[in-house]
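The values are calculated or read from the model by the stated rules, or taken from the named source; none is laboratory data. Since this is a predicted model, take the numbers as computed values, not measurements. A quick note on method: Cβ atoms are made from the backbone with ideal geometry, for glycine too, and the neighbour counts reach across all protein chains shown.
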Amino acid sequence: MAIFQKDPAKQMAADLAGKIVERDKLVVRLADAETAVVDATSAATDLAMSGAGDDVLDKAERKTLALRERVSTLRGGLATLGKAIVTLEHAYAEHQDATTRRQTAVACQAMADDLEQIAEDIDPILARMVAITSRAAAAQIWDAAGLHTYAENSKAQIPAAIAAVSQAIRQHGIRVVAKTERATLLQAEAPRATVAVVEPKVERVFTLQNVSWTVDGQLKTMSKFADCDLPVETAKRALAIRACAAIDSDVRRQWAGNRPVTYPPADECTSLDGADVVKIDAPIDGQFVRVDRGKPYEATILRKA
């Protein structure tokens, strides 16, 4: 008596693989035999055309007939081997199906037992939660009232829901074994691949003018005296041309919140897209930008004598 018995599924798979190898070899032999018949028939025909004697033709014909018999024999063997493979495949599929159904039924039973155990474990926890939140709500700690309602509803509804789901899981296992449900092991849905979203780098500045800029082909605007998140390079240009100020600047502390934030039309804004960087050394008084208009113009006025 063998101590270790072979796994029926592995044995069936090995037998099936062996038969498939035999079939492939037989297919090759049949193809060679059919080619030989064609060659022998052609050779016999050539002998007849060349006027060969009867004894030579008899020999050629016997060879051709023997090769044709070989082809017939190989075809019969291939057909029989094909039926055997179909039978093995069917038996193997049936075995796999029965195994999967049994495993599914066992898994369903275990899931239902685990779920019912959870109901037993969670009930005292919910009872404690109800007791604590009830006391807190009675003391007019209003934040506890919602949690108290949730805990009470959970204590009443979760056990009933678990009982219904557990019964449904067991019934699914019974239907699978009875072959009224698809034979498949219960598996959780594979987690979806997470996609890392890289936020664009921006710098927050304080606008001193109505400004406009383009991000990913989309034109954006922002009104004067508002906090604004700009792409880093755009923020540098905005600071350089004094269209914006640093977020920690005195001018922001003075003017932040004094005006509502709006989004004016682009033609009323200073464009920050590739604007020429011009450094201005004149100080900012918080509302006006001092502009150097050159030397004063001297005008001559004629007076009456």
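Here are the numbers:
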{"quantity": "Residue within segment 156-176 that is at pLDDT 85 or above and assigned to a loop (DSSP other than H, G, I, E, B) present", "calculated": "no"}
{"quantity": "Residue identified as under 30 Å from His95 (Cα atoms), surrounded by 12 or more Cβ atoms within 10 Å (Cβ to Cβ) and within 57 Å of the chain's Cα centre (by Cα) among Asp7, Asp24, Asp15", "calculated": "Asp15"}
{"quantity": "From Val205, Val197, residue being at pLDDT below 90 and under 30 Å from Ala235 (Cα atoms)", "calculated": "Val197"}
{"quantity": "Residue in segment 139-159 that is over 30 Å from Ala13 (Cα atoms) and under 34 Å from the mean Cα position of the chain (by Cα) present", "calculated": "yes"}
{"quantity": "First in segment 228-245 and in the same structural domain as Asp216 (by TED's automatic domain parsing), second anywhere and modelled with pLDDT of 90 or more and of a type in the set (Ser, Thr, Tyr), Cβ under 6 Å, 6 or more apart", "calculated": "Cys228/Thr207; Ala243/Thr270; Cys244/Thr207"}
{"quantity": "Test result for Arg101, without any contact (Cβ under 8 Å) to a residue 60 or more places away in the chain, basic (Lys, Arg) and farther than 30 Å from Trp255 by Cα", "calculated": "no"}
{"quantity": "Residue pairs meeting the criteria (Cβ under 7 Å; at least 6 apart or on separate chains; first not assigned by TED's automatic domain parsing to the domain that holds Arg75 and loosely packed, with under 11 Cβ neighbours inside 10 Å, in segment 37-64; second assigned to a helix (DSSP H, G or I) and modelled with pLDDT of 90 or more)", "calculated": "none"}
